[in-house]
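These notes are about the structure you will find just below.
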Amino acid sequence: MAAKKAPTTAKRRATASGTKDEPWKLTTPPGTSEFEAYRDPDSEPPALVVQVGKTQLRYHLSCIEDLHAMLGKHGDWMPLGGADEQKPATDGTVEAWARSPKNRVGGWYGLKKGLRGRFGVYVPPVLEALGLVELEHHPKNNRVRAK
């Protein structure tokens with residue numbers, strides 16, 4: 001029987017300030033797609049903005065602190081489970097937590113109807129860049145945990 005491989009995590013630290021003028025340049029956990037993200041504290045409500053090509057997704061800015069705190073309480077690896085808004089999120093995943101009425105915002109962290117999903121794809125790389133989490137980088141089924 002082959003030994004189980006250790007999780008592949010990369011130390012991807014932010015080199016930009018995470019502002020609109022100097023966004024973080026990131027990749028999805030498998031490394032297959034690039035995107036930019038930045039904080040927009042002056043929007044109403046304050047937002048984490050994710051730009052994927054011509055598509056812009058917005059999440060409550062508090063998602064950075066809230067996800068880190070939830071992962072810290074969880075205490076172990078948690079599957080990402082990224083899914084579009086129109087698809088159900090798998091229970092026990094970061095995506096399901098980001099839609100749950102039991103989270104801090106009482107539901108969706110996504111702010112733009114029709115584009116509220118994919119939280120598990122785009123937000124964990126931001127936390128990784130900020131040095132808050134360890135994130136796996138496999139082709140599929142990636143997980144995250146708080147540092």
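The values are calculated or read from the model by the stated rules, or taken from the named source; none is laboratory data. Remember, it's a predicted structure, so these values are computed and weren't measured experimentally. Here Cβ is always computed from backbone atoms with ideal geometry, including for glycine, and neighbour counts include all displayed protein chains.
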| request: Taking THR15 as the residue in question, decide whether it is modelled with pLDDT under 95 and assigned to a loop (DSSP other than H, G, I, E, B). | output: yes
| task | Could you please tell me which pairs satisfy a Cβ distance under 6 Å, a separation of 6+ or placement on different chains, a first residue in region 48-73 that is assigned to a loop (DSSP other than H, G, I, E, B), and a second residue that is modelled with pLDDT of 95 or more and surrounded by fewer than 15 Cβ atoms within 10 Å (Cβ to Cβ)? | result | LEU61/PRO46
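Yes or no, residue by residue, for (1) more than 14 Å from the chain's Cα centre (by Cα); (2) closer than 15 Å to VAL144 by Cα; (3) not hydroxyl-bearing (Ser, Thr, Tyr):
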| residue | (1), (2), (3) |
| --- | --- |
| PRO29 | no, yes, yes |
| GLN51 | no, no, yes |
| HIS68 | no, yes, yes |
| GLU85 | yes, no, yes |
| TRP97 | no, yes, yes |
| ARG104 | yes, no, yes |
| TYR122 | no, yes, no |
| query | Would it be correct to say that ARG104 is of a type in the set (Lys, Arg), outside any loop (DSSP other than H, G, I, E, B) and out of contact with any Pro (no Cβ under 7 Å at 6 or more places or on another chain)? | reply | no
| said: Restricting to region 21-61, name every residue that is farther than 14 Å from VAL123 by Cα and charged (D, E, K, R). | reply: ASP21, GLU22, ASP40, ASP42, GLU44, LYS54
| remark: Filtering region 101-112 for residues that are crowded, with 17+ Cβ neighbours inside 10 Å and either out of contact with any strand residue (DSSP E or B) (no Cβ under 9 Å at 6 or more places or on another chain) or of a type in the set (Lys, Arg) (or both) leaves a count of 1
| query | Is it fair to say PRO30 is modelled with pLDDT of 95 or more, of a type outside the set (D, E, K, R), more than 22 Å from LEU132 (Cβ to Cβ) and surrounded by fewer than 17 Cβ atoms within 10 Å (Cβ to Cβ)? | reply | no
| Do we have VAL105 as hydrophobic (A, V, I, L, M, F, W, C), in contact (Cβ under 8 Å) with a residue 24 or more places away in the chain and over 18 Å from PRO29 (Cβ atoms) here? | yes
| field | When residues of region 123-141 are limited to those that are in a loop (DSSP other than H, G, I, E, B) and touching a helix residue (DSSP H, G or I) at 6+ places or on another chain (Cβ under 8 Å), the one surrounded by the most Cβ atoms within 10 Å (Cβ to Cβ) | value | LEU132
| Checking ASP42 against (1) exposed (fewer than 13 other Cβ atoms within 10 Å of the Cβ); (2) under 13 Å from the mean Cα position of the chain (by Cα); (3) not hydrophobic (A, V, I, L, M, F, W, C), which single condition isn't satisfied? | (2)
| note | Exactly one of GLY82, GLY120 is part of a loop (DSSP other than H, G, I, E, B), in contact with a Pro (Cβ under 9 Å, 6 or more places away or on another chain), in contact (Cβ under 8 Å) with a residue 24 or more places away in the chain and surrounded by 18 or more Cβ atoms within 10 Å (Cβ to Cβ), and that one is GLY82
